[in-house]
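**Q** First, the structure itself, so that you have it in front of you.
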Amino acid sequence: MKDQKIAIIGGGIVGSTAAYYLSRKNYDVTLYDHGVGQATRASAGIICPWFSKRRNKAWYFLVSKGAEFYRQFMEDLSQDGYKTDGIFQEDTALLPRKKDKDLQFDLDQAAKKRPESPSIGFVKSLTSQKIKKAFPLYESNLPASWIQGGARIDGLALIQTLQQAVKDRGKQVIHDKASFQRSPQGKYLIKSHDFTESYDQILLAVGPWLPELLKPFGLACDIRPQKGQLLSFYDSDWTNKHWPVIMPPGEVDIIPFNNGEIVIGASHEDNQGFDLKPDAKVLNELLQHAYNYVPTLKNRSIHSTRVGTRAYTSTYDILVGAVPQLNNVWAISGLGSSGLTSGPYLAYQWVQLLDQGSWEIDASLYPIEQYIYPQSMSK
């Protein structure tokens with residue numbers, strides 16, 4: 001396999017992680033990263049999936065494994081000489097709860113899931129007064145579950161580090177939009193603006209742009225884009241405070257980073273296509289939710305806004321595996337808002353499959369043919 005040339009189209013969390021681990025094993029890999037609208041570059045995420053009430057076991061397997069994998073992931077980068085302090089910060093998580101039974105649910109879940117997920121540390125219930133000691137900006141009357149092991153991730157910093165590591169090992173990262181086609185020799189030609197090359201294996205990790213790449217092969221793809229917006233505030237007095245991330249009820253998270261930035265987000269907007277323009281109305285809705293927990297932000301100016309595009313299937317399940325009708329072409333997509341958690345683990349497992357011939361993924365749980373099929377069968 002190492003004598004084969006491998007291309008990865010898409011330089012987000014999946015593509016960049018896969019390229020990193022292939023380069024670590026000295027595979028001949030090239031990463032194509034257009035980057036425009038990429039969800040990972042716009043994202044700041046929380047790694048704390050254990051207390052979700054979502055009942056999809058296939059999804060939970062990936063996010064729980066993903067949360068555990070981050071410890072190995074960061075250790076690998078550190079061993080290779082790259083700093084990870086600004087990428088992955090483990091400073092606990094707070095889950096505000098409206099009912100006492102929800103606090104008990106968190107305690108029960110921690111005890112149940114800790115054997116398979118040892119990153120879950122000590123979990124306890126805190127009153128709002130005790131929360132304020134851990135996070136002085138917190139003003140809600142709601143109690144919360146305090147989760148040791150909850151962490152935050154800076155998507156852009158991670159992508160930049162991974163791609164630098166790939167280049168440092170002498171592999172190519174091409175920042176351009178790419179398409180591919182079959183070559184007369186049975187391989188695949190990838191074309192970008194001023195570069196054409198032949199490859200033996202291809203991983204398609206382009207998120208919501210997957211249907212565009214597969215259309216020339218007569219394949220339809222059940223992937224849709226979802227717009228995500230977030231914003232941030234900054235104060236130099238907030239640096240190195242190691243405040244916990246806050247995961248209130250609903251979709252808005254409050255993510256303090258140790259560089260002094262507090263990120264609020266993110267929105268989940270369907271039917272917006274690939275629009276990357278900030279929407280003041282949506283951003284204001286995020287702020288109104290955040291003010292319920294950190295009202296002091298009302299008196300501050302917004303530091304930055306970010307917009308990206310996630311990929312979802314119609315069933316909200318993840319698409320992973322060998323692309324039907326295309327030999328040696330693989331796809332990973334549909335990760336949605338949990339992509340920062342599950343993406344690195346999926347990418348690493350795909351590299352293990354290529355390198356060792358096996359992976360931990362039960363392909364029957366992620367039937368790719370349900371989401372990629374001939375255009376004549378379009379639903």
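**Q** Restricting to the range 338-372, and then to whatever is surrounded by fewer than 19 Cβ atoms within 10 Å (Cβ to Cβ) and among the small types (Gly, Ala, Ser), can you tell me which residue is farthest from the chain's Cα centre (by Cα)?
**A** Gly357
**Q** Would you point out which residue out of Ile202, Ile147 is modelled with pLDDT of 95 or more, of a type outside the set (Phe, Trp, Tyr) and assigned by the TED database to the domain that holds Ser117?
**A** Exactly one of Ile202, Ile147 is modelled with pLDDT of 95 or more, of a type outside the set (Phe, Trp, Tyr) and assigned by the TED database to the domain that holds Ser117, namely Ile147.
**Q** A further question on this structure: Any idea which residue in the range 273-332 is nearest to Pro136 (Cα to Cα), counting only those that are surrounded by 14 or more Cβ atoms within 10 Å (Cβ to Cβ) and aromatic (Phe, Trp, Tyr)?
**A** In this case the residue turns out to be Tyr293.
**Q** Further, regarding this structure: Just checking, which of Leu189, Leu230 is of a type outside the set (D, E, K, R) and in contact (Cβ under 8 Å) with a residue 12 or more places away in the chain?
**A** Leu230
**Q** Of the residues Ile254, Ile264, Ile223, which single one is surrounded by 23 or more Cβ atoms within 10 Å (Cβ to Cβ), in contact with a Pro (Cβ under 8 Å, 6 or more places away or on another chain) and under 30 Å from Glu90 (Cα atoms)?
**A** The match here is Ile254.
**Q** What is the number of the single condition among (1) more than 23 Å from Val294 (Cα to Cα); (2) touching a Ser or Thr at 6+ places or on another chain (Cβ under 9 Å) that Arg114 does not meet?
**A** In the conditions (1) more than 23 Å from Val294 (Cα to Cα); (2) touching a Ser or Thr at 6+ places or on another chain (Cβ under 9 Å), Arg114 misses (2) alone.
**Q** Kindly list, by first and then second residue, each pair from a residue in the range 141-160 that is touching a residue at least 60 places away in the same chain (Cβ under 8 Å) and more than 16 Å from Leu230 (Cβ to Cβ) to a residue that is among the basic types (Lys, Arg) and buried (at least 22 other Cβ atoms within 10 Å of the Cβ), limited to pairs with Cβ atoms under 8 Å and residues at least 6 apart or on different chains.
**A** Qualifying pairs under 8 Å: none.
**Q** Could you please find all residues in the range 213-252 being at pLDDT 95 or above and acidic (Asp, Glu)?
**A** Residues satisfying the conditions are Asp222, Asp235, Asp237.
**Q** Now for a different question. Mind checking which residues of the range 321-335 are in contact with a Leu (Cβ under 9 Å, 6 or more places away or on another chain), small (Gly, Ala, Ser) and within 14 Å of Gln349 (Cα to Cα)?
**A** Ala331
The values are calculated or read from the model by the stated rules, or taken from the named source; none is laboratory data. A quick note: this is a predicted structure, and the numbers were derived from the prediction, not measured. Virtual Cβ from ideal backbone geometry, glycine too; neighbours counted across all protein chains shown.
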